[in-house]
Amino acid sequence: MQPILGAVIASFLLGAAVVGYFVWQSNDDEPQAALASPEVGAPAVEPTDDSSPEPTPSASSTTEAEEAAQAAEAAEAVERVAEQQGGLDQRLAAAEQRLARLDLQAQAAAGNAARAEGLLIAFATRRALERRAELGYLADQLRLRFGDALPNAVRTIIAFSRDPVTVDELLARLEGLGPEISEEDGSLTWSDFKRELGQLFVVRRESTPSPQPERRLERARMFLETGRVDSAIAEVKNLPGAAKAESWIADAERFRDAMDALDRVETAAVLEPRLLRDSSGNPIEQLSPLESGAE
């Protein structure tokens, strides 16, 4: 019995010791918790700071500042748009000027090309007449391009092309007519008698061409070979037998007129300012490069 009673007492004492230990431990932690957290309802102590806090801006002042910033940004945006608009206008004006220059250059190029084509048509017509070839389409081009500027010259060239003669033919025919037109025919008229009487005594300068028929005939050949058809015709008309050379004189005059007309056409292709036309029949408004350079 005694051992059991001793065990019960020992257990009771051990439990009492454990309870006492926990009570002591809880009492030791309460002062520290009180120091760490203030009691409920106690006024909070605010930390002291030497520097005073900045005043908080009011809502009205903030709104005015934002409106001022937005107005400044809007003004800057308007200025940028105005600058861009001004630059765009300048670029458009420059582009229009460049287009105008290009248009003028294109018109000048087209006008000069049409003039060059007209000059080539005139050259081709001259070569065709020299070869006694038909004009064909060249006649239509002459009417189209030069009909308004030089109608008489165009008609003369086309009429001559229907029965053309060449310098070689005129020279050959003049050689054949030489013996006949260098001497008088058998009949003697009063005018022939006066001319013969006046030639009995002739006083002339040494440089004056000889009136002898042989000399006149030589000069006529030389004038034909050098293209001076008018002078050749004048020499033949002064020969004693000029009446026998009427057909030759008529052909030589037709040849002279045709060549003069071709010269006028070639000149008009370069210098005609108003009435010249292109291959489509449109008037050439571009001035000649020669006239533009002179201005």
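Some notes on this structure:
- Given (1) at pLDDT 70 or above; (2) charged (D, E, K, R); (3) open to solvent by less than 100 Å² (accessible area, probe 1.4 Å), number of the condition ASP103 does not satisfy: (1)
- Residue count for region 229-260, restricted to those that are more than 16 Å from THR166 (Cβ to Cβ) and basic (Lys, Arg): 2
- If you go through region 150-178 and keep only what is surrounded by 13 or more Cβ atoms within 10 Å (Cβ to Cβ) and assigned to a loop (DSSP other than H, G, I, E, B), you end up with LEU150, PRO164, VAL165, THR166.
- Test for LYS194: is it modelled with pLDDT under 85 and of a type in the set (Lys, Arg): yes
The values are calculated or read from the model by the stated rules, or taken from the named source; none is laboratory data. Fair warning: this is a prediction, and the values are worked out from it, not measured in the lab. Positions of Cβ are backbone-derived with ideal geometry, glycine not excepted, and every protein chain shown enters the neighbour counts. When the accessible area is computed, the model is the full protein with side chains, heavy atoms only, and any ligands, DNA or RNA have been set aside. Shrake-Rupley method; radii C 1.70, N 1.55, O 1.52, S 1.80 Å.
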